[in-house]
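These notes are about the structure you will find just below.
The values are calculated or read from the model by the stated rules, or taken from the named source; none is laboratory data. Just so you know, these numbers come straight off a predicted model, no measurement behind them. Quick reminder, even Gly has a Cβ in these numbers, built from the backbone with ideal geometry, and neighbours come from all protein chains shown. Quick note on the areas: whole protein, heavy atoms, side chains included, nothing else; ligands and nucleic acids left out. Shrake-Rupley method; radii C 1.70, N 1.55, O 1.52, S 1.80 Å.
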Amino acid sequence: MTRTCLLAVVVVLSLGARADAGFVVVVNTTDAAVRFTVGHAQADPRPYSVGPHEVKRVPVGRHPDLTFESDGKPLHFRLAPYSAYAFTRSKVGISFQGIELAAPLPRPGDVPEAPPKDPKPLVLAVRVMVDDAEPRARAVWEKALRARVAAASAILERECGVTLKVAEVGEWRSDPRARTVAALLKDFEAVVPPVGRTVALGFSSRPIAPPTAADRCGAAATGGPLHRHVLVSESARVSEAERVELLAHQLAHLLGAAHSPDPLSLARPTMGDGKARLAKFRIGLDPLNALAVGLWVEEMRSGELKEWGDLRPPTRQRLAAVYKTIAHALPDDPIAKDYVARLDRLAPAAQKVEARAPTLTAKQQAVRKVVRAVAIRAADLSEKPEAERPKGDDLTAELVRTAAAVAATQEEEVQPTALLVGLGLALDHSTTLRDNLLTRTFCRPVESDAERRERVAALGSPTMRGRRDLCQHFVVSAALAELLEPAAAEAAGLLKERLDMAGASGFSFTDVAADFAGVEFARELHRDRRAVARASVVFEVKSFVPDVAGLAEGLSREKFETDYGSESDPRFRKVLDDVRKRIAVLRGYIR
């Protein structure tokens, strides 16, 4: 499985206690370095560079913005703290995407507004111990193991901001009957008790039996996050570079990493595969484990974390989302599943993370990215002071541009679907597309019920031509034109108005104008392959939705029949022709 298999937009959803810092994880899946900046409202942008296949943690505040150039053009993205992102190669240059998680994350209310200063590494004190089967003189093995610990420390400091400090060097008498790493670890834990918050690193030279298919320990083992012992077998015939990687692998487990399907990850299940011997191989974490370990390390910095129950609720929810994603990607490995179960047992029922089975098609994944991006932007805008929030048509334009910016990063053939259906879901507070028999199969899996509730709560009131209902008519009709066909979408709009004649709202030509404009917007995106990218920069309501002044609405059946007869009546057709002419002269549709 490659690093790009889990890519999509990520979103954050509910509040928690304040954190001391925030960060995002960025991975470069391309073969060339990528330079970018991360900026905040009241701070100068900071420059960064991420090398080929490198994973980098970047400190951020609550509302970070990332900028980079692709094909000579600057691209801007709003980031969500405690999320992971990837630079990927596309047909048009470098693209930037979020890494999809299997459950929603809490909103970053616990993240300070200002980005944190570069934190000092977290110092982890270790005790280096060898057993009585060690054949070398102390001066020899101590020098070798100190060097190995230092090499592993350099990897951990680069990957997750943790440095190792040797606090003690010693020996222990191991059980000669122990023939597996698991048995040696159990013996080591019994003979060498924990001392304060130090971690005991045991290196055993006793011969061990070849591992069985059921033995997941291999040549080393530990108990996972907050454990105080690591046991490494020295009997394996591997290079010193592989021994360094094996030690870093186990310490990553101790810091919260689960096994990863990423073949380049330090957390891949199989160590000793020879990759560490390659001069160009970079020993480092995959982005999801970098996110998980970063969350654990952040909690450890407080000095108050002694057991899983001490994790702050927002961190529990973030970790659960990450581990659920890893568990889905590597279903036969028990580590991530066990961590999810432990976190779920700690969470009150009201705070359970809602799982979402990631079984989406490529088009659904693209639509989901757009919907989640709009949800993030709407939530960000809702937190601004009242005087600074865009409203009405300006809010709509802001959210459409956000959606288009994300849609433009998708493969060219799915860009129109991503934007049209994404907007139909994201800017509508109703369940029209989710409930319609012809569209619900596609639309319902794109957004969970919990995510929809959070989005609607933060959405505000985006309008078109000053009216909320016209915005909904426009985006839903645009989505129907994409999911069905333009003619069917127009027919659906007219049918709804006929049905409305029996109710209080009546037939509305203004609604029809918005419906037809949405259908024309869909046609425009398919006529011009650059339209999606252009919308991310220049979209404004008045260029795509006509002025509706003078169009009749609120018509009862009797009034409609008196004034317009039927849909085949010339009087009715004349109004429809007027609507189409109003749309045709708009700047957004003039070629």
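Can you spot a residue in segment 294-301 that is open to solvent by less than 40 Å² (accessible area, probe 1.4 Å) and free of Cβ contacts under 8 Å to residues at least 24 places away in the same chain? Taking every residue of segment 294-301 in turn, at least one turns out to be open to solvent by less than 40 Å² (accessible area, probe 1.4 Å) and free of Cβ contacts under 8 Å to residues at least 24 places away in the same chain.
The numbered conditions (1) open to solvent by 20 Å² or more (accessible area, probe 1.4 Å); (2) in contact with a Pro (Cβ under 8 Å, 6 or more places away or on another chain) are all true for Pro106 except (1). Of all residues assigned to segment 527-546, none qualifies as being over 18 Å from Gly424 (Cβ atoms) and touching a strand residue (DSSP E or B) at 6+ places or on another chain (Cβ under 6 Å). Within the group Ala362, Ala407, Ala387, Ala426, which residue is over 20 Å from Thr88 (Cα atoms) and within 21 Å of the chain's Cα centre (by Cα)? Every option except Ala426 fails the conditions. Applying the set (1) at pLDDT 90 or above; (2) open to solvent by less than 10 Å² (accessible area, probe 1.4 Å) to Glu451 leaves exactly one unmet item: (1).
Here's the yes/no breakdown for (1) among the acidic types (Asp, Glu); (2) assigned to a strand (DSSP E or B); (3) surrounded by 15 or more Cβ atoms within 10 Å (Cβ to Cβ):
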| residue | (1), (2), (3) |
| --- | --- |
| Arg46 | no, yes, yes |
| Leu66 | no, yes, yes |
| Phe77 | no, yes, yes |
| Pro81 | no, no, yes |
| Glu113 | yes, no, no |
| Pro116 | no, no, yes |
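Tallying residues that are of a type in the set (Gly, Ala, Ser) and open to solvent by less than 40 Å² (accessible area, probe 1.4 Å) within segment 455-491 yields 7. Every listed requirement among (1) modelled with pLDDT under 90; (2) part of a helix (DSSP H, G or I) is met by Gln365 save one, (1). Of all the numbered requirements in (1) within 20 Å of Ala491 (Cα to Cα); (2) buried (at least 20 other Cβ atoms within 10 Å of the Cβ); (3) hydrophobic (A, V, I, L, M, F, W, C), Val532 misses one, and that requirement is (1).
In segment 15-44, the residue that is modelled with the highest pLDDT out of those that are surrounded by 16 or more Cβ atoms within 10 Å (Cβ to Cβ) and out of contact with any strand residue (DSSP E or B) (no Cβ under 7 Å at 6 or more places or on another chain) is His40. Going through segment 382-401 one residue at a time, which ones are at pLDDT 90 or above, in a helix (DSSP H, G or I) and surrounded by fewer than 24 Cβ atoms within 10 Å (Cβ to Cβ)? Those that are at pLDDT 90 or above, in a helix (DSSP H, G or I) and surrounded by fewer than 24 Cβ atoms within 10 Å (Cβ to Cβ): Gly392, Asp393, Asp394, Leu395, Ala397, Glu398, Arg401.
Of the residues making up segment 165-194, those that are at pLDDT 90 or above and closer than 21 Å to Ser153 by Cα are Lys165, Val166, Ala167, Glu168, Val169, Gly170. Of the strands (runs of 3 or more DSSP E) lying entirely inside segment 131-235, those carrying at least 2 residues that are open to solvent by 50 Å² or more (accessible area, probe 1.4 Å) and more than 26 Å from Asp333 (Cβ to Cβ) are 162-172. The C-beta contact set for segment 270-282 (first residue small (Gly, Ala, Ser), second residue surrounded by 13 or more Cβ atoms within 10 Å (Cβ to Cβ) and part of a loop (DSSP other than H, G, I, E, B), distance under 7 angstrom, 6+ apart or interchain) comprises Gly272/Ala219; Gly272/Ala236; Gly272/Val238; Ala276/Ile283.
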